[in-house]
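K.L.:
The structure under discussion is supplied below as structure tokens; questions concerning it will follow.
The values are calculated or read from the model by the stated rules, or taken from the named source; none is laboratory data. Note that the structure is a prediction, hence the values are computed from the model and not measured. When we count neighbours, we look across all protein chains shown, and the Cβ atoms used for this are built from the backbone with ideal geometry, even at glycine.
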Amino acid sequence: MAEVALSGVTKSWGATPAVDRVSFSAPPGRLVALLGPSGCGKSTTLRLIAGLEAASAGTIAIGNRDVTGLPPAKRGVSMVFQSYALFPHLSVAENIVFGLKVRDVPRTERDERLKRAAGILGLEKLLERKPSQLSGGQQQRVALGRAIVAETKVCLMDEPLSNLDAQLRVEMRREIRALQRRLGMTMLYVTHDQVEAMTMADQVVLMRNGRIEQDAPPAELYERPASIFTARFVGTPPMNVLPAALVTSCIMMDAARRTLVMTGAPAGRDPATLAVGVRPETVRLGSEGVPATVAAVEYLGADTLIETRVAGEPFLVRVSGRAAAQVGETVHLAWDAAAAQWFDLSSERRID
Amino acid sequence: MTARAIAATTAKALALALFAFALFGPLANLALWSVAERWYTPFKLPVTYGLRYWEVVFRPTGDAMSSLATSVAIAGLTVLVALLVSVPAGYALARLKLPARTLIMIAFLLPQAFPSVAIYINVARIFYQIGLAGTVTGVVLVHAAHGLVYSVWIAAAAFAAVDRDLELAARNMGASGLRTFATITLPLAAPGIMASAIFVFLESLDEFTGTFFVGVPQVTTLPLLLYSASMGGNYQIASITALILLVPSVAFMMVIERFLRADVLSKVGQ
């Protein structure tokens, strides 16, 4: 059973669809992140679910009810906007209970729910203020409060943290996740920040050009990326993906390493049609392996990031602690066969 | 103080004095004429002062009071008509994807684009045929057509300045389209719409040409009275009438900068 289910949902304004046959489902009580670069259609997908845009094709179901043709008010979802969308002429309290007032919830219950939401979010002392008198973090809380009092099963969030500073973002990330768990909401969370998606979500739907690139739990997204795009988008620093021929031709010179690197490569495939992906933290610096030139060294404390060039292509290496590498020096890169991931160069899809 | 500093200060003072004179000179002349009972050449100042003409103007049976009432009534009705058009039109222009948006905006500008006398002569002819000449309704329609360019353009800017996400949020929380408009969009656009209403009111209060061609002789407004008074050489009545007309203008200047926010002004005509 799914709380929110999309099936073949398409939205197009002109010739090119902004959202192209998107299908995924969010189980109840889970946090599903819609991740992707700007313009990938993730916000549009969220607005389609909320009913703020009308789908050109496909069906949207919320709580096993087809809501594709329903107006936003009848869908039973609450939404937090990127801009927070607080009404500037209303006080914090009026902003929070706006939805309840509109739905003719009796006054006593309204006050009750307001009190509870304000308590959860620590807004008790700010209820009489206007949104313009609040800090960014407080405005964010009011926007959350509006979503909480609605007591809907599904909550949609459109880049809720993008207007906050870095430190507050980390705090609010935890807070939203804790809130979602505590209230048992099903949350769809749009973000372009892969760290946010990886740390918060039970399931990540990665989108690109209006389509779903991969729909999987964070760990699977990181460990078994379905495409070169996923491999490069998820993880900081991103995965190194190189044409396999580039690496193997280097290996040719070193007979011993060649077998090691090529172990695990799909059998019967021409290396010219393959790309190999290696996470920076699985690479070892040694006396043997793929020769590379050090282009930059960044010491981060716990580890060091070494940017190298393999046959002119950038290749990142992350080693723990401090590294002795010098800029301009030639180093040799090696990794375990199990750490290498293989992709088809033309379709960019994963090969197992 | 050096000679140069003195020269600079003097120049500044002179410039300021010139500016003040250009601004307040005519007003001072008006004020002087309004209290001059007798004033003729070669005297530089009135010969006798008094409030006789004020009494004439404010006499309950006088023309001035009745034409002031007519003026205010017409201005009020003009605002009403302009708002009835500009609120829906402004909202549509700001929110809906209209194919001929620019054309529609320009259409409201047209009454201002041609010499008004040429237009009003023809309007007067048509109004005469359909029985609107010499009626308050006719004058209100002429004033409204004139005021619509301000009210529609400013209303469109005021609605455009309201963040669309606010409306979407209200819809998401369960409000109907009408409720969203009444509780969110309209209150937030109200300052701009208020300013446009004041603008239309003052334009109507001030309007001469249209009233002259369409309203005379049945409908007499304050500017018409001012015209006939000064044509008849009665500068005292003319001055007092002008001063009365000045009151709403000054009030407007004070109100407009409180009501019109910069982000609304910057969207006018977009």
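K.L.:
Could you grab me the full set of residues in the range A:1-50 that are within 14 Å of chain B (Cβ to nearest Cβ) and either touching a strand residue (DSSP E or B) at 6+ places or on another chain (Cβ under 6 Å) or within 22 Å of residue B:165 (Cα to Cα) (or both)?
P.N.:
Across the range A:1-50, the qualifying residues are A:13, A:43, A:44, A:46, A:47, A:48, A:49, A:50.
K.L.:
Just to verify a result, which residue in the range A:332-344, among those that are surrounded by fewer than 17 Cβ atoms within 10 Å (Cβ to Cβ) and not in a strand (DSSP E or B), is modelled with the lowest pLDDT?
P.N.:
Here the residue is A:337.
K.L.:
Just one of the numbered conditions (1) under 21 Å from residue A:4 (Cβ atoms); (2) in contact with a Lys or Arg (Cβ under 9 Å, 6 or more places away or on another chain); (3) basic (Lys, Arg) is not true of residue A:110; which one?
P.N.:
(1)
K.L.:
Any idea which of A:56, A:23 is in contact with a Ser or Thr (Cβ under 9 Å, 6 or more places away or on another chain), hydroxyl-bearing (Ser, Thr, Tyr) and over 22 Å from residue A:185 (Cα atoms)? Can you show your working first?
P.N.:
On the way: A:23 fails: over 22 Å from residue A:185 (Cα atoms).
Being in contact with a Ser or Thr (Cβ under 9 Å, 6 or more places away or on another chain), hydroxyl-bearing (Ser, Thr, Tyr) and over 22 Å from residue A:185 (Cα atoms) holds for just one of A:56, A:23, which is A:56.
K.L.:
Could you count how many residues in the range B:207-242 are under 12 Å from the mean Cα position of the chain (by Cα) and at pLDDT below 85?
P.N.:
Here is the first cut: in the range B:207-242, the ones under 12 Å from the mean Cα position of the chain (by Cα) are B:207-208.
Those left that are additionally at pLDDT below 85: none.
Matching residues across the range B:207-242 total 0.
K.L.:
To continue, here is another question. With the requirement that a residue be among the polar types (S, T, N, Q) and surrounded by 10 or more Cβ atoms within 10 Å (Cβ to Cβ), what does the range B:1-34 give you?
P.N.:
Step one: filter the range B:1-34 for residues among the polar types (S, T, N, Q), giving B:2, B:9-10, B:29, B:34.
Once the filter is applied, which keeps residues that are among the polar types (S, T, N, Q) and surrounded by 10 or more Cβ atoms within 10 Å (Cβ to Cβ), the range B:1-34 yields B:9, B:10, B:29, B:34.
K.L.:
Restricted to the range A:61-81, and to residues that are out of contact with any Ser or Thr (no Cβ under 6 Å at 6 or more places or on another chain) and at the interface with another protein chain (Cβ under 8 Å from one of its Cβ atoms), which residue is surrounded by the most Cβ atoms within 10 Å (Cβ to Cβ)?
P.N.:
A:79
K.L.:
Determine which single condition residue B:243 fails, assuming it passes every other condition in (1) hydrophobic (A, V, I, L, M, F, W, C); (2) more than 14 Å from chain A (Cβ to nearest Cβ); (3) surrounded by 19 or more Cβ atoms within 10 Å (Cβ to Cβ).
P.N.:
Residue B:243 satisfies all of (1) hydrophobic (A, V, I, L, M, F, W, C); (2) more than 14 Å from chain A (Cβ to nearest Cβ); (3) surrounded by 19 or more Cβ atoms within 10 Å (Cβ to Cβ) except (3).
K.L.:
Consider only pairs whose beta carbons are under 7 Å apart and that are at least six residues apart or on different chains; among these, list those whose first residue lies in the range B:48-63 and is part of a helix (DSSP H, G or I) and whose second residue is acidic (Asp, Glu) and surrounded by 13 or more Cβ atoms within 10 Å (Cβ to Cβ).
P.N.:
Correct list of pairs: B:52/B:37.
K.L.:
Oh, and also: Does at least one position in the range A:196-213 carry a residue that is farther than 18 Å from residue A:316 by Cβ, buried (at least 19 other Cβ atoms within 10 Å of the Cβ), in the same structural domain as residue A:61 (by TED's automatic domain parsing) and more than 13 Å from the chain's Cα centre (by Cα)?
P.N.:
yes
K.L.:
Look at the range A:177-203 and say how many of its residues are in contact with a Pro (Cβ under 8 Å, 6 or more places away or on another chain) and under 17 Å from residue A:83 (Cα atoms).
P.N.:
Within the range A:177-203, residues that are in contact with a Pro (Cβ under 8 Å, 6 or more places away or on another chain) and under 17 Å from residue A:83 (Cα atoms) number 2.
K.L.:
Can you pull out the residues in the range A:145-184 that are exposed (fewer than 15 other Cβ atoms within 10 Å of the Cβ) and either of a type in the set (S, T, N, Q) or in a helix (DSSP H, G or I) (or both)?
P.N.:
A:162, A:166, A:167, A:171, A:174, A:178, A:181, A:182, listed by residue number.
This table checks each residue for (1) within 7 Å of chain A (Cβ to nearest Cβ); (2) outside any loop (DSSP other than H, G, I, E, B); (3) at pLDDT below 95; (4) surrounded by fewer than 23 Cβ atoms within 10 Å (Cβ to Cβ).
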site	(1), (2), (3), (4)
B:143	no, yes, yes, no
B:168	yes, yes, yes, yes
B:179	yes, yes, yes, yes
B:182	no, yes, yes, yes
B:186	no, yes, yes, yes
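K.L.:
Has the range A:258-276 got any residue that is at pLDDT 80 or above, exposed (fewer than 12 other Cβ atoms within 10 Å of the Cβ) and within 29 Å of residue A:195 (Cβ to Cβ)?
P.N.:
So far as the range A:258-276 goes, no, none of its residues is at pLDDT 80 or above, exposed (fewer than 12 other Cβ atoms within 10 Å of the Cβ) and within 29 Å of residue A:195 (Cβ to Cβ).
K.L.:
List pairs: first in the range B:121-139 and free of Cβ contacts under 8 Å to residues at least 60 places away in the same chain and at negative phi, second surrounded by fewer than 19 Cβ atoms within 10 Å (Cβ to Cβ) and assigned to a loop (DSSP other than H, G, I, E, B), Cβ under 9 Å, 6+ apart or cross-chain?
P.N.:
If the second residue must be surrounded by fewer than 19 Cβ atoms within 10 Å (Cβ to Cβ) and assigned to a loop (DSSP other than H, G, I, E, B), the pairs left are B:128/B:134.
K.L.:
Quick check: anything in the range B:201-209 surrounded by 22 or more Cβ atoms within 10 Å (Cβ to Cβ), in the same structural domain as residue B:79 (by TED's automatic domain parsing) and either without any contact (Cβ under 8 Å) to a residue 40 or more places away in the chain or not aliphatic (A, V, I, L, M) (or both)?
P.N.:
From the range B:201-209, those surrounded by 22 or more Cβ atoms within 10 Å (Cβ to Cβ) are B:204-205, B:207; that's our starting set.
Subset that is in the same structural domain as residue B:79 (by TED's automatic domain parsing): B:204-205, B:207.
This time we only want the ones that are either without any contact (Cβ under 8 Å) to a residue 40 or more places away in the chain or not aliphatic (A, V, I, L, M) (or both), so: B:204, B:207.
Within the range B:201-209 (the criterion being surrounded by 22 or more Cβ atoms within 10 Å (Cβ to Cβ), in the same structural domain as residue B:79 (by TED's automatic domain parsing) and either without any contact (Cβ under 8 Å) to a residue 40 or more places away in the chain or not aliphatic (A, V, I, L, M) (or both)), the answer is yes, since at least one residue qualifies.
K.L.:
While we're on this one: When the range A:88-103 is examined, which residues are found to be surrounded by 20 or more Cβ atoms within 10 Å (Cβ to Cβ) and either more than 12 Å from every other protein chain (Cβ to nearest Cβ) or out of contact with any Gly (no Cβ under 7 Å at 6 or more places or on another chain) (or both)?
P.N.:
Passing the criteria: A:92, A:93, A:95, A:97, A:98, A:100.
Here's the yes/no breakdown for (1) small (Gly, Ala, Ser); (2) at pLDDT 95 or above; (3) crowded, with 21+ Cβ neighbours inside 10 Å:
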{"residue": "A:13", "(1), (2), (3)": "no, no, no"}
{"residue": "A:16", "(1), (2), (3)": "no, no, no"}
{"residue": "A:19", "(1), (2), (3)": "no, no, yes"}
{"residue": "A:41", "(1), (2), (3)": "yes, no, yes"}
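K.L.:
Run down A:118, A:85, A:143, A:147 and say which single residue is on the phi < 0 side of the Ramachandran plot, touching a helix residue (DSSP H, G or I) at 6+ places or on another chain (Cβ under 8 Å) and either within 12 Å of chain B (Cβ to nearest Cβ) or not acidic (Asp, Glu) (or both).
P.N.:
A:118
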